[in-house]
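Below is one structure, written out as structure tokens, with a few remarks after it.
The values are calculated or read from the model by the stated rules, or taken from the named source; none is laboratory data. On a predicted model such as this, the values are computed, not experimentally measured, just so you know. No Cβ is skipped: glycine too gets one built from the backbone with ideal geometry, and neighbour counts run over all protein chains shown. These area figures cover heavy atoms from the full protein model, side chains too; ligands, DNA and RNA do not enter into them. Shrake-Rupley method; radii C 1.70, N 1.55, O 1.52, S 1.80 Å.
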Amino acid sequence: MPDRGVVIVGKDAVAGSVKTRLGRSIGMPCAAEIHRLLGMHVSRIACASGYSVDVSLKGNLNGDFARRLISLGATLYPQETKPLGDVIYTAMHRYDRVIVLGMDSPLISTHEIQCALERDDLCIGPAEDGGYWCLAASNPPKILFQDIPWSQSTVLSTTIQRAKDENLSPFFLQTHYDIDTLADLKRLLQDPNTPPPLSHSLQERIDHYARGSHST
């Protein structure tokens, strides 16, 4: 088993199955394109870390999104049809030490990924909505992922309490925000920390679908 690596847990960019809250504002096809761009961006950052990158992908492993992820240097494997906690727990055991990421927090950095993997303790990257954008550990106990109120504002606090119950003292990385709603997307587009190529690509996709809706 390789020593240390990154696992990204995500879904194929299919309209109506990703970014549905955002899709209710900008349309499901556009929201799926936003998901694709964010997933590519996060994967590109992870691949730049110098560590191996695996993607646990729910959906078509032979589709366009999958091929684009592979072109970045990622290795894909099918995401099992299990509760999210089990999916993450499985991902946490693909390497001796693993950092698990989602595809929703685009302002993370290669340095943060490297920092989490170079440490030996439990590392958590808090998200503003009460979840976490990453978790890094070496052979973590399954209780950290069982019966967690996923998608709720108590994910982080519940995980921290579980860690304390296991006598683990988490090291916290920088807090980031997820892109789930139109307000989040607008914030990202206006954020000075957003890389210009990402901002340009996002705005281009938004404008493309806006023009299409106006012509029908």
If you take just the helices (runs of 4 or more DSSP H) that sit entirely in the range 123-216, which of them hold at least 1 residues that are over 15 Å from residue 104 (Cβ atoms) and at pLDDT below 95?
-> 196-214
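Quick check on residue 178: is it buried (at least 16 other Cβ atoms within 10 Å of the Cβ) and under 24 Å from the mean Cα position of the chain (by Cα)?
yes
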Taking the range 14-36 and keeping only residues that are hydrophobic (A, V, I, L, M, F, W, C) and under 12 Å from residue 209 (Cα atoms), one is left with 26, 28, 30, 31, 32, 34
For the range 85-101, name all the residues that are closer than 14 Å to residue 4 by Cα and surrounded by fewer than 18 Cβ atoms within 10 Å (Cβ to Cβ).
-> 93, 96
Could you tell me which numbered condition residue 196 fails, if it satisfies all but one of (1) within 18 Å of residue 129 (Cβ to Cβ); (2) exposed (fewer than 12 other Cβ atoms within 10 Å of the Cβ)?
-> (1)
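Is it the case that residue 76 is touching a residue at least 24 places away in the same chain (Cβ under 8 Å) and either basic (Lys, Arg) or closer than 30 Å to residue 189 by Cβ (or both)? Let's see the steps before the verdict.
Details: touching a residue at least 24 places away in the same chain (Cβ under 8 Å): no; either basic (Lys, Arg) or closer than 30 Å to residue 189 by Cβ (or both): yes.
No; evaluated as a whole, the condition is false for this residue.
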Selection count, the range 70-91, where residues are out of contact with any Cys (no Cβ under 8 Å at 6 or more places or on another chain), more than 11 Å from residue 8 (Cα to Cα) and not β-branched (Val, Ile, Thr) | 9
Residue in the range 125-144 that is among the polar types (S, T, N, Q), in contact (Cβ under 8 Å) with a residue 60 or more places away in the chain and open to solvent by 40 Å² or more (accessible area, probe 1.4 Å) present | no
